[in-house]
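The values are calculated or read from the model by the stated rules, or taken from the named source; none is laboratory data. The structure presented is a predicted model; accordingly, all values stated were derived computationally and were not measured. Here the Cβ is made from the backbone with ideal geometry for all residues, glycine too, and neighbour counts use every protein chain on show. The protein model used for the area step is the full one, side chains on, heavy atoms only, and it has no ligands, DNA or RNA in it. Shrake-Rupley method; radii C 1.70, N 1.55, O 1.52, S 1.80 Å.
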Amino acid sequence: MNMPTDLHVRCAALLANAGVSASIQAVLPCNAGGNNRTYRLETTAGAFAVKQYFRHEGDTRDRLTAEFDFLQYAAKADPGMEPAPLAMDSSSGLALYEFIEGHSYKPGEITWAQVGQAAKFFTALNNPAARRDAATLPTASEACFSITEHLKLIANRLDCLRAIEVASDQDRAAQTLIGKIHTRWLTLSDQVTAAYMLAGHDPSTPLEPAQRCISPSDFGFHNALAQTDGSPRFLDFEYAGWDDPAKMTGDFFAQLAVPVPANFFDRFVQETTAVFPRPEELVERARLLRPVYQVKWCCIALNVFLPVNLARRRFANPGLDEKALKQAQLAKAEFLFQSLLPIDHGLH
């Protein structure tokens, strides 16, 4: 990975801003991520993490500020479950964090012990006492507060994917799969709307503020490191902010890299909604929207066929094998599409 020529200078400035008096010994690139570049900063005061955030004219989210502000909030609400934020430099798109040792989780390793800790982390973030400090946090990336908004979110993702240019056999295979997903989506979207209206609810009515959550967003064990005792510490909160608890749950159980066992769904939803008023309504909402978010993650898997997403992947990993990546993502999207659940009609 090519490092910016002035990275050492900027890292020294971050250390100074954090009040750390230390000499830099090495700046080492970490394993390539999907969106940004992360470095291990070796100093005479120990190791730190430096994150360089992706910027692109087609990606307007201020990832650095969103993540840094969220981590400042989380450090008060539930310290120790996330890296401590130490300093940031908006001009260079860099931030300094606590370096967390640990290893990545692998598919099949997740038990209730880890899922329960994730539920406790989310609950701590949404404790009424903690939420008093959350007013200045932004909305989460792609935040949705009504059923109509949830459905529009996925429809828009599908519209973007349906417009991809076909320049290879892989593009053609993606186009075919996207067509199948879109056909299934039209039926699913109508079913969700009908079920919600049959229960006497207006799909366009937004969720009341008291039932909205502080969401880590992109929350799951693909963004966590296992400690020596197997417990998680969570990472990557650049999409975090205010959102619908049902969206958090839908994403948590649909992400593809380190799947969460489906049999934990009901228990997880019960525990994470208990902190809100009328939790039974949020439980039903999460069940209804679960297949909607499976379709969303089919779309996410296919995002590598969109230019801005591929540019972000190249930024994080300049040695990227684009053909292999596209093939792998096609397989993931096909697997999730074949696993789509029917909607839950158990609304009251």
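For region 250-346, what % of the accessible area comes from carbon and sulfur atoms, probe 1.4 Å? Please list the in-between numbers first.
Values: 2210 of 4000 Å².
Of all accessible area on region 250-346, carbon and sulfur atoms account for 55 percent.
Might you report the magnitude of the Cβ-based charge dipole of the chain about its Cα centre, with Lys and Arg at +1 and Asp and Glu at -1, to the nearest 20 debye?
Values: 33 positive and 39 negative charges, 86 e Å.
Approximately 420 debye in magnitude.
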Is region 218-266 best put as rounded, prolate or oblate by its Cα gyration tensor, with a ≥ b ≥ c the root eigenvalues, rounded for a/c under 1.5, and otherwise prolate when a/b is larger than b/c, oblate when not? oblate
Gaussian network model of the chain, springs between alpha carbon atoms under 10 Å - residue of ARG287, ARG233, ARG267 with greatest fluctuation: ARG267
Name the residue, out of GLU98, GLU165, GLU149, whose mean-square fluctuation peaks in a Gaussian network model built on the chain with Cα pairs under 10 Å. GLU165
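Go through ARG55, ARG132, ARG212 and list them by solvent-accessible area, largest first, probe radius 1.4 Å. Don't jump to the answer; show the numbers that get you there.
On the way: ARG55 135, ARG132 180, ARG212 60 Å².
Per-residue accessible area, sorted high to low, gives ARG132, ARG55, ARG212.
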Any lysines whose Cα falls less than 28 Å from that of LYS152, other than same-chain ones fewer than 8 residues away, would be LYS180, LYS247, LYS296, LYS326, LYS332
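Could you work out the relative contact order of the chain, using alpha carbon pairs under 8 angstrom and six or more residues apart, expressed as a whole percent? All intermediate terms of the calculation are to be shown ahead of the outcome.
Details: 562 pairs, mean separation 71.6, N = 348.
RCO, the chain: 21 percent.
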Taking protein heavy atoms only, a 1.4 Å probe, and rounding to whole percent, the accessible area of region 165-239 owed to carbon and sulfur comes out at 53 percent
Largest-first ordering by accessible area, 1.4 Å probe, given options HIS150, HIS201, HIS182, HIS103: HIS103, HIS201, HIS182, HIS150
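Roll a 1.4 Å probe over the protein chains and send me the accessible area per residue for the chain in Å².
Numbers: 15470 Å² over 348 residues.
On a per-residue basis, the chain sits at 44 Å².
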What does the charge count near ALA195 come to, summing +1 for each Lys or Arg and -1 for each Asp or Glu among other residues with Cβ under 15 Å from its Cβ? -2
With the full set of protein chains in place, find how many percent of the accessible area of region 84-125 is carbon and sulfur; take the probe as 1.4 Å. 56 percent
Roughly how much of MET81 is accessible, in Å² to the nearest 10, using a 1.4 Å probe? 40 Å²
